[in-house]
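Worksheet: the structure to be examined is printed underneath.
Read the figures in this text as sums done on the coordinates, not as results from a lab. Remember, it's a predicted structure, so these values are computed and weren't measured experimentally. Quick reminder, even Gly has a Cβ in these numbers, built from the backbone with ideal geometry, and neighbours come from all protein chains shown.
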Ligand SMILES: NC(=O)c1ccc[n+]([C@@H]2O[C@H](COP(=O)([O-])OP(=O)(O)OC[C@H]3O[C@@H](n4cnc5c(N)ncnc54)[C@H](OP(=O)(O)O)[C@@H]3O)[C@@H](O)[C@H]2O)c1
């Protein structure tokens with residue numbers, strides 16, 4: 001599924017191209033499922049700077065689950081034909097394809113008991129939640145975190161990871177998702193449509209902002225002095241952070257990390273963390289899948305199934 005130009009859903013095209021060949025520590029993966037993330041629609045529209053006109057034609061999709069079809073000369077000790085793997089891949093390739101070359105540093109074995117569709121829903125969203133909370137936010141047991149967008153793809157993992165870590169979790173979501181975010185582990189659930197979070201959340205150690213805009217602007221005041229704001233979206237304003245006596249993490253992008261992906265896979269396999277797939281589509285229906293994600297009010301991930 002490729003784009004040769006930036007634009008609306010009409011630029012998405014099914015194309016037949018040669019199957020790529022793995023070299024060195026790369027493997028060729030037969031993709032069984034690939035998830036759809038908000039970045040796909042932004043990339044398609046030309047609104048995601050890491051993918052520019054010089055990178056076209058491009059295949060979309062950052063994460064996948066599948067089986068190993070072939071291994072490069074330096075990968076055969078670790079992995080073999082038929083192994084089940086999931087991966088978060090770099091922008092130079094796309095996951096929404098029958099076959100994808102994946103680097104050793106991007107993939108991990110799928111634990112027994114985790115199905116392909118759930119596995120595909122994990123890498124980008126879960127690694128973003130993990131890195132945002134722990135690597136950037138430094139969240140620790142006993143701290144209080146406010147997670148905005150708790151029912152979305154990243155938010156659901158974030159609530160569960162923060163709770164697993166031993167933090168006190170306050171999360172915002174729409175009215176329909178209050179029960180869901182409580183079930184995932186939010187100690188306090190806030191309905192962003194009917195309540196003002198700043199009336200309920202105070203002195204939090206960390207705000208994990210998956211929403212931006214007015215929500216970001218109103219968040220500074222609920223952070224304790226010296227606390228931190230971590231956003232997955234636009235660059236937080238350092239001046240505003242200073243004026244509130246808090247810290248803001250500069251804009252960042254989630255990165256592949258096999259150790260973290262392995263830990264997350266184990267948490268899912270043990271039932272400690274659940275994966276919610278809200279909708280599945282066939283690869284050729286990716287335009288409808290992107291459109292559904294953009295409409296919002298989806299509790300969980302959108303996944304394309306290929307096999
Ligand atoms: N920097 C990175 O590496 C990175 C990585 C992953 C994602 N991201 C970005 O992070 C954002 C979140 O990603 P995602 O995959 O979780 O998206 P998502 O699945 O679309 O989830 C967004 C959630 O935010 C909720 N929401 C909307 N307005 C809200 C508000 N005012 N208050 C509280 N919640 C609100 C939505 O609920 P309703 O639909 O019910 O309104 C939805 O559940 C996206 O913009 C994505 O591009 C960045």
Quote to one decimal, in nm, the extra length available between residue 115 and residue 240 on full extension: 0.36 nm per residue of separation minus the C-alpha distance between them.
-> 40.6 nm
Dividing the helical contributions, -39500 (n - 2.57) per DSSP H run of n ≥ 4, by the residues of the chain yields a 222 nm value, nearest 500 deg cm²/dmol, of -6500 deg cm²/dmol
Most mobile of 121, 65, 289 per a Gaussian network model of the chain (Cα springs, under 10 Å)?
-> 289
Rounded to one decimal in nm, the spacing of the 7 Å Cα→Cβ label points at residue 81 and residue 42 is 4.1 nm
With everything on Cα atoms, drop me the angle between helix 153-165 and the longest principal axis of the chain, reported from 0 to 90° to the nearest 10.
-> 60 degrees
Extended-chain gain in nm, criterion 0.36 nm per residue less alpha-carbon gap, residue 15 and residue 233 | 75.3 nm
Which order do 79, 233 fall in if you start with the one that has the fewest other Cβ atoms within 10 Å?
-> 233, 79
What residue among 70, 53, 241 shows peak mean-square fluctuation when the chain is described by a Gaussian network model with Cα springs under 10 Å?
-> 53
Treating the angle as unsigned and between 0 and 90°, give the value, to the nearest 10°, between the Cα long axis of helix 286-295 and the longest Cα principal axis of the chain.
-> 0 degrees
Over segment 125-248, what is the mean sequence separation of C-alpha contacts under 8 Å (at least six apart), divided by residue count, expressed as relative contact order in percent?
-> 23 percent
One finds, for residue 288 and residue 55 with R0 = 22 angstrom and r their Cβ-Cβ distance, a FRET efficiency to the nearest 0.05 of 0.35
Alpha carbon centroid spacing (whole Å) that separates segment 11-39 from segment 280-307 | 17 Å
Kindly provide the Kirkwood hydrodynamic radius of segment 1-81 in Å, to one decimal, from all pairs of distinct alpha carbon atoms.
-> 14.3 Å
Run a plain Debye calculation on segment 125-248 (Cα atoms as equal point scatterers, no solvent) and give log10 I(q)/I(0) at q = 0.14, 0.15, 0.19 Å⁻¹, rounded to two decimals, same order as the q list.
-> -0.49, -0.56, -0.94
Note the full-extension length gain between residue 251 and residue 5 as 0.36 nm times their separation in residues minus their Cα-Cα distance, in nm to one decimal.
-> 85.9 nm
For the chain, modelled as a Gaussian network with Cα springs under 10 Å, which listed residue fluctuates most, 293, 124, 64?
-> 293
Compute the separation of the alpha-carbon centres of segment 218-232 and segment 110-161 and state it in Å as a whole number.
-> 19 Å
How high is the relative contact order of the chain, in percent, with contacts defined as C-alpha pairs under 8 Å that are six or more residues apart?
-> 19 percent
Considering every pair of different Cα atoms, what Kirkwood radius, in Å, is found for the chain?
-> 19.8 Å
Please give, to one decimal in nm, the separation of the simple spin-label points placed at residue 266 and residue 92, each 7 Å out from Cα toward the Cβ.
-> 3.1 nm
DSSP beta bridges in the chain: the antiparallel percent, rounded to 5, is 50 percent
Computed over the chain: longest principal axis from alpha-carbon atoms vs helix 258-269 long axis, angle to nearest 10 degrees, is 80 degrees
